[in-house]
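Trainee: One structure, as structure tokens, below. Some questions next.
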Amino acid sequence: MQHQFSVHAVTPAGEEAISRLLQENKLPVADIASSSIQFWIAKKDTTPAGVIGLEQSGGYGLLRSMATATAFRNQGVAAFLVHTLEAYAKEQKLKDIYLLTETAEQYFNKKGYHKISRDQAPAAIQSSAEFSHLCPSTAILMKKSLTQPKKLLFVCVENSNRSQMSQAFASIVGGDAVEAYSAGSKPSGIVNPKAIAAMKELGYDLSTHDSKSLQEVEQYAPFDAVVTMGCGDACPWMPAKQFIDWQIPDPRNMNEEEFRKVRDLIKEKVTALIAKL
């Protein structure tokens, strides 16, 4: 896409138009001289058209001071600036971008930001001047994640033991960084009570899981990895970046002690896989 605007990284001291644009849009200017805020200004030829700022702290970004000159509204200036800011934030390896707004919730929602409660903001964001006192407490907090979770699918024949525990450990170990699924080539329709009991010992409620077919999870493809438990040809192809086979013995007829050994082996393998990804 070609734009009629140029965009430049600037400092408030070197670009007086920043204050004018912010004041025109009734945005705070009290702390814009802060060295922790990176600004970009969009211009058409030499005329300032819009501005945006990014404040970094603790691996997070706070999008702020986005303003468009009245004469250039509805011409794509804001979208151009948001794209520039997000590209820079990714280069800086920031985890998430937050913003506070009173009037632009709908606009940012279309850009992939979603509303969250203010107490969900990390401490680094809550301690910022804009969050603590520059913006009114009625301002809406929004968030956009810059990292996509890894999608993992664990497959065995019945989706009753091994793949279920693998899914559970992936959720435990990976947290928000992982979307874990499991399925069976010939699902039994139930989760083995032995598996439920074994995971309960570790504080995980496997009884909330369902035994599913591959067709039921295909909607979540493609996956970053599909991991089979040693089911061979019984596990058909599924769209994925990589395929891994762990050759884990089926524990369904094992006693409690042997079952725990399989459970712990699965935990080790899942932990190593997530660390690698």
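The values are calculated or read from the model by the stated rules, or taken from the named source; none is laboratory data. The model shown is predicted, which means the values in this text are computed figures rather than measured ones. Every residue, glycine as well, gets a Cβ built from its backbone with ideal geometry; the counts of neighbours run over all protein chains shown.
Trainee: Can you pull out the residues in the range 88-100 that are touching a strand residue (DSSP E or B) at 6+ places or on another chain (Cβ under 8 Å), in a helix (DSSP H, G or I) and not aromatic (Phe, Trp, Tyr)?
Mentor: We begin by selecting, within the range 88-100, every residue touching a strand residue (DSSP E or B) at 6+ places or on another chain (Cβ under 8 Å); these are 88-89, 92, 94-100.
Okay, now just the ones that are also in a helix (DSSP H, G or I), so 88-89.
The answer is ALA89, and nothing else.
Trainee: Do we have VAL191 as of a type in the set (A, V, I, L, M, F, W, C) and over 21 Å from the mean Cα position of the chain (by Cα) here? Break it down into steps so the answer makes sense when it comes.
Mentor: Working: of a type in the set (A, V, I, L, M, F, W, C): yes; over 21 Å from the mean Cα position of the chain (by Cα): yes.
So VAL191 passes the test.
Trainee: A follow-up question, please. Looking at (1) closer than 30 Å to MET238 by Cα; (2) touching a residue at least 40 places away in the same chain (Cβ under 8 Å); (3) not assigned by TED's automatic domain parsing to the domain that holds GLU256, which one does GLY112 not meet, given that it meets all the others?
Mentor: Every condition holds for GLY112 apart from (2).
Trainee: What are the pairs, 6+ residues apart or on separate chains, where a residue within the range 138-163 that is more than 30 Å from THR101 (Cα to Cα) and touching a residue at least 60 places away in the same chain (Cβ under 8 Å) has its Cβ under 8 Å from a residue that is basic (Lys, Arg) and surrounded by fewer than 18 Cβ atoms within 10 Å (Cβ to Cβ)?
Mentor: Partner pairs satisfying both residue conditions: VAL157/LYS186; GLU158/LYS186; GLU158/ARG252; SER160/ARG252; ASN161/ARG252.
Trainee: Going through the range 33-67 one residue at a time, which ones are more than 23 Å from LYS143 (Cβ to Cβ) and within 29 Å of the chain's Cα centre (by Cα)?
Mentor: Looking only at the range 33-67, we keep the residues that are more than 23 Å from LYS143 (Cβ to Cβ), and these are 33, 35, 41-49.
Residues satisfying the conditions are SER35, ILE41, ALA42.
Trainee: Does SER36 satisfy the condition of being among the small types (Gly, Ala, Ser) and under 20 Å from TYR98 (Cβ atoms)?
Mentor: Considered against the rule, which asks whether it is among the small types (Gly, Ala, Ser) and under 20 Å from TYR98 (Cβ atoms), SER36 comes out as yes.
Trainee: Still on this structure: Going through the range 120-164 one residue at a time, which ones are of a type in the set (Ser, Thr, Tyr) and farther than 24 Å from LYS95 by Cα? Give the derivation first.
Mentor: Going residue by residue through the range 120-164, those that are of a type in the set (Ser, Thr, Tyr) are 127-128, 132, 137-138, 145, 147, 160, 163.
Within the range 120-164, SER137, THR138, SER160, SER163 qualify.
Trainee: I need a count of the residues in the range 44-81 that are outside any strand (DSSP E or B) and touching a helix residue (DSSP H, G or I) at 6+ places or on another chain (Cβ under 8 Å). Talk me through it step by step, then tell me what you get.
Mentor: Restricting attention to the range 44-81, the residues satisfying the condition of being outside any strand (DSSP E or B) are 45-46, 58-59, 69-81.
Subset that is touching a helix residue (DSSP H, G or I) at 6+ places or on another chain (Cβ under 8 Å): 58-59, 69-70, 78.
Residues flagged as outside any strand (DSSP E or B) and touching a helix residue (DSSP H, G or I) at 6+ places or on another chain (Cβ under 8 Å) within the range 44-81 amount to 5.
Trainee: With respect to ALA33, is the statement that it is surrounded by fewer than 16 Cβ atoms within 10 Å (Cβ to Cβ), without any contact (Cβ under 8 Å) to a residue 24 or more places away in the chain and in contact with a helix residue (DSSP H, G or I) (Cβ under 8 Å, 6 or more places away or on another chain) true?
Mentor: Details: surrounded by fewer than 16 Cβ atoms within 10 Å (Cβ to Cβ): yes; without any contact (Cβ under 8 Å) to a residue 24 or more places away in the chain: yes; in contact with a helix residue (DSSP H, G or I) (Cβ under 8 Å, 6 or more places away or on another chain): yes.
Yes: the conditions hold for ALA33.
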